[in-house]
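Take a look at the structure set out below.
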Amino acid sequence: MALDDVRKASEQFYSALNRMVNGDARALADIWAHDPDVTTLHPIGGRQIGWDDVRGSWEAVARLSTEGRVALEEQHLLLAGDMACEVGVENGTLKLAGHLINIGHNRVTNVYRRGTQGWKIVHHHTDMSPAMVDILRTVQRSQ
């Protein structure tokens, strides 16, 4: 069933996201579409369009992240042909540049698209985290 396949893609995304918040963004490449129309709106602010920008944003955060854990709660999936939308709440913690961040209960929307290689994520959007933005600004100023 297609909905089960989308649920599996979501599990793969969150597994890769958990590796990223522990310093390794490589696994995200396996679950993301590598297309010019993929997008992110991260808790760190900004907007990335295209695989190169999306990948770069994950890699930049991974370089500063340790001891992270992110879980998807309250998952709701909607399937429409070759597209699927997932909404829920992300909860967890991570250390960003050595500072402990409580992710809290950030609302999240993920969009998946079915292609020749199965379901891949094409959009990820979470609430902004003022704490993460402040830490990243401090890191950028010190460089």
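The values are calculated or read from the model by the stated rules, or taken from the named source; none is laboratory data. No experiment lies behind these values; they were computed from the predicted model shown. So basically every Cβ, Gly included, is an ideal-geometry build from the backbone, and we count neighbours across all protein chains shown. These accessible areas exclude ligands, DNA and RNA; they are computed on the full protein's heavy atoms, side chains included. Shrake-Rupley method; radii C 1.70, N 1.55, O 1.52, S 1.80 Å.
Which count do you get for residues in the range 77-118 that are among the polar types (S, T, N, Q), more than 19 Å from I135 (Cα to Cα) and open to solvent by 60 Å² or more (accessible area, probe 1.4 Å)?
Result for the range 77-118: 2.
In the range 57-78, what residues are in contact (Cβ under 8 Å) with a residue 12 or more places away in the chain, of a type outside the set (S, T, Y) and assigned to a strand (DSSP E or B)? Let's see the steps before the verdict.
Initially, the range 57-78 is screened for residues in contact (Cβ under 8 Å) with a residue 12 or more places away in the chain, giving 57-59, 61-77.
Going one step further and asking which of them are of a type outside the set (S, T, Y), we end up with 58-59, 61-64, 67-77.
Selection gives E67, G68, R69, V70, A71, L72, E73, E74, Q75, H76, L77.
Failed condition for A25, given (1) modelled with pLDDT under 95; (2) assigned to a loop (DSSP other than H, G, I, E, B), with all others met?
(1)
Which one is most open to solvent (accessible area, probe 1.4 Å), of the residues in the range 36-56 that are in a loop (DSSP other than H, G, I, E, B) and in contact with a strand residue (DSSP E or B) (Cβ under 6 Å, 6 or more places away or on another chain)?
R47
If we keep just the residues of the range 5-34 that are acidic (D, E) and either closer than 13 Å to Q75 by Cβ or touching a Phe, Trp or Tyr at 6+ places or on another chain (Cβ under 9 Å) (or both), which is most open to solvent (accessible area, probe 1.4 Å)?
Checking each candidate, the answer is E11.
Which one is farthest from V61 (Cα to Cα), of the residues in the range 86-143 that are assigned to a strand (DSSP E or B), in contact with a Gly (Cβ under 9 Å, 6 or more places away or on another chain) and charged (D, E, K, R)?
The qualifying residue farthest from V61 (Cα to Cα) is R114.
Against the conditions (1) open to solvent by less than 30 Å² (accessible area, probe 1.4 Å); (2) in contact (Cβ under 8 Å) with a residue 40 or more places away in the chain; (3) within 11 Å of H42 (Cα to Cα), where does V139 fall short? Just the number, please.
The one condition V139 does not meet is (3).
Considering each of R114, R107 in turn, give the residue that is out of contact with any helix residue (DSSP H, G or I) (no Cβ under 9 Å at 6 or more places or on another chain) and basic (K, R).
Of the residues listed, the single one that is out of contact with any helix residue (DSSP H, G or I) (no Cβ under 9 Å at 6 or more places or on another chain) and basic (K, R) is R107.
If you go through the range 13-32 one residue at a time, do you hit one that is of a type outside the set (D, E, K, R) and farther than 22 Å from I103 by Cβ?
At the first step, the residues of the range 13-32 found to be of a type outside the set (D, E, K, R) are 13-18, 20-23, 25, 27-29, 31-32.
Imposing the further condition that a residue be farther than 22 Å from I103 by Cβ reduces the set to 29.
Yes - at least one qualifying residue is present in the range 13-32.
Among the listed residues E67, E59, E74, identify the single one that is under 24 Å from R141 (Cβ atoms), among the acidic types (D, E), open to solvent by 70 Å² or more (accessible area, probe 1.4 Å) and touching a strand residue (DSSP E or B) at 6+ places or on another chain (Cβ under 8 Å).
From the options E67, E59, E74, the qualifying one is E67.
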